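Take a look at the structure set out below.
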Amino acid sequence: MGAVTVADGGLATTLEARGHDLSDALWSARLLVDAPDEIRAVHAAFFRAGAVVVTTASYQASFEGFAARGIGREQTVQLLRRSVGLARSAREEMDDGRVRWIAASIGPYGAALADGSEYRGRYGLSLAGLKRWHLPRLEVLAEAGADVLALETIPDIDEAEALAGLLDGSGVPAWLSYTIAGDRTRAGQPLREAFAIAAAVPEIVAVGVNCCAPQDVAAAITLARRVTGKPVIVYPNSGEGWDAGRRCWTGEAHFPASFAEEWAGLGAAVIGGCCRVLPAEIERLAEVVAAG
């Protein structure tokens, strides 16, 4: 196993395990207003579990979503900045001298709709429309002091093209991570074509997959390396499936830490978890990585 960086797991899942109801449209972003110390505590828990990278609570945060709650533009800017500040505060709590990283989450347009669209893509927006929607949040988070932007759970080539276009020439480092089903994006496009979007954009420093079934990861690693030549990041779900209609998880969890050995052997540089992956699972994953 080569050198592997461990990323965190499911922020929202862990917040729910701590007793928070995240069933509204803002999801974990609601706690940026209501319980920011809980977000900081979860970041710290993942750091203590062995994660080197944590991702901010901005995935489902948007100007439109906060406006629907009566929160204006300037306060939304402050909340987006707070998402990075909370992760930074958690990092400062650690006193072991290890280098740790903060990724500012930029979730897909579909996440802000809170209707499962991030698992379908094909929103009906033009490339220009997607750029207009993403730009204000991307600008705020790019200036908020995170180490990298996490363009994550992207279901659609169109949205990836919009984000890559905003980044190209900006000098802002980011990773691009798709949510997939088998060897295709959630919108049904070939994953080879999806990864190719990142190849020529120097600001996209890593590519990969997240919020997908663990069994889909191995083939995606090989393809991402072949198409882009860039470091690969993978952080799948627990193996359970999300029922958007009933807003609940179904099926059995299947996220053995031993998967990390296979994924690292195929060349993954960063490995973590997404939905339903708690600090305990990340601790076991980190142990496997350390043993390797």
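For the stretch 99-130, the candidate set comprises residues that are over 15 Å from the mean Cα position of the chain (by Cα) and over 23 Å from Ile180 (Cβ atoms); within that set, the residue that is most open to solvent (accessible area, probe 1.4 Å) is Val99.
For Arg69, indicate whether it is of a type in the set (Lys, Arg) and either touching a Leu at 6+ places or on another chain (Cβ under 6 Å) or modelled with pLDDT of 95 or more (or both).
Numbers: of a type in the set (Lys, Arg): yes; either touching a Leu at 6+ places or on another chain (Cβ under 6 Å) or modelled with pLDDT of 95 or more (or both): no.
For Arg69, the condition - of a type in the set (Lys, Arg) and either touching a Leu at 6+ places or on another chain (Cβ under 6 Å) or modelled with pLDDT of 95 or more (or both) - is not met.
When you look at Asp37, is it at negative phi and surrounded by fewer than 17 Cβ atoms within 10 Å (Cβ to Cβ), yes or no? Spelling it out, Asp37 is indeed at negative phi and surrounded by fewer than 17 Cβ atoms within 10 Å (Cβ to Cβ).
Take residues that are of a type in the set (Val, Ile, Thr) and under 18 Å from the mean Cα position of the chain (by Cα) and tell me which of the helices (runs of 4 or more DSSP H) falling wholly in the stretch 1-95 contain 2 or more.
Correct list: 11-17, 36-49.
May I ask you to say which residue of Leu141, Leu149 is part of a helix (DSSP H, G or I) and either touching a strand residue (DSSP E or B) at 6+ places or on another chain (Cβ under 8 Å) or within 21 Å of Ile39 (Cβ to Cβ) (or both)?
Working: Leu149 fails: part of a helix (DSSP H, G or I).
Being part of a helix (DSSP H, G or I) and either touching a strand residue (DSSP E or B) at 6+ places or on another chain (Cβ under 8 Å) or within 21 Å of Ile39 (Cβ to Cβ) (or both) holds for just one of Leu141, Leu149, which is Leu141.
Only one of the listed residues (Gly208, Gly110) is part of a strand (DSSP E or B) and either within 26 Å of Ser258 (Cα to Cα) or free of Cβ contacts under 8 Å to residues at least 60 places away in the same chain (or both). That residue is Gly208. Residues that are among the small types (Gly, Ala, Ser) and open to solvent by 10 Å² or more (accessible area, probe 1.4 Å) within the stretch 188-217 comprise Gly188, Ala196, Ala199, Ala200, Ala206, Ala213, listed in sequence order.
Of all residues assigned to the stretch 9-20, at least one qualifies as being open to solvent by less than 70 Å² (accessible area, probe 1.4 Å), within 16 Å of Tyr235 (Cα to Cα) and among the hydrophobic types (A, V, I, L, M, F, W, C). Scanning the stretch 99-116 for residues that are within 15 Å of His43 (Cα to Cα) and of a type outside the set (A, V, I, L, M) turns up Arg100, Trp101, Ser105. Contact annotation: residue pairs with Cβ atoms under 8 Å, 6 or more positions apart or on different chains, pairing a residue in the stretch 68-80 that is closer than 15 Å to Pro36 by Cα with a partner that is of a type in the set (Val, Ile, Thr) and in a loop (DSSP other than H, G, I, E, B), are Leu79/Ile71. Please indicate, with yes or no, whether at least one residue in the stretch 86-98 is more than 22 Å from Ala44 (Cβ to Cβ) and open to solvent by less than 60 Å² (accessible area, probe 1.4 Å). So far as the stretch 86-98 goes, no, none of its residues is more than 22 Å from Ala44 (Cβ to Cβ) and open to solvent by less than 60 Å² (accessible area, probe 1.4 Å).
Which members of the stretch 131-142 meet the condition of being in contact with a helix residue (DSSP H, G or I) (Cβ under 8 Å, 6 or more places away or on another chain) and open to solvent by 50 Å² or more (accessible area, probe 1.4 Å)? Break it down into steps so the answer makes sense when it comes.
Of all residues in the stretch 131-142, those in contact with a helix residue (DSSP H, G or I) (Cβ under 8 Å, 6 or more places away or on another chain) come to 131, 133-138, 140-141.
Scanning the stretch 131-142 gives Lys131, Leu135.
The values are calculated or read from the model by the stated rules, or taken from the named source; none is laboratory data. Predicted, not measured: the structure shown is a model, and the values here were computed from it. Here the Cβ is made from the backbone with ideal geometry for all residues, glycine too, and neighbour counts use every protein chain on show. Ligands, DNA and RNA are excluded from the accessible area calculation, which covers all protein heavy atoms including side chains. Shrake-Rupley method; radii C 1.70, N 1.55, O 1.52, S 1.80 Å.
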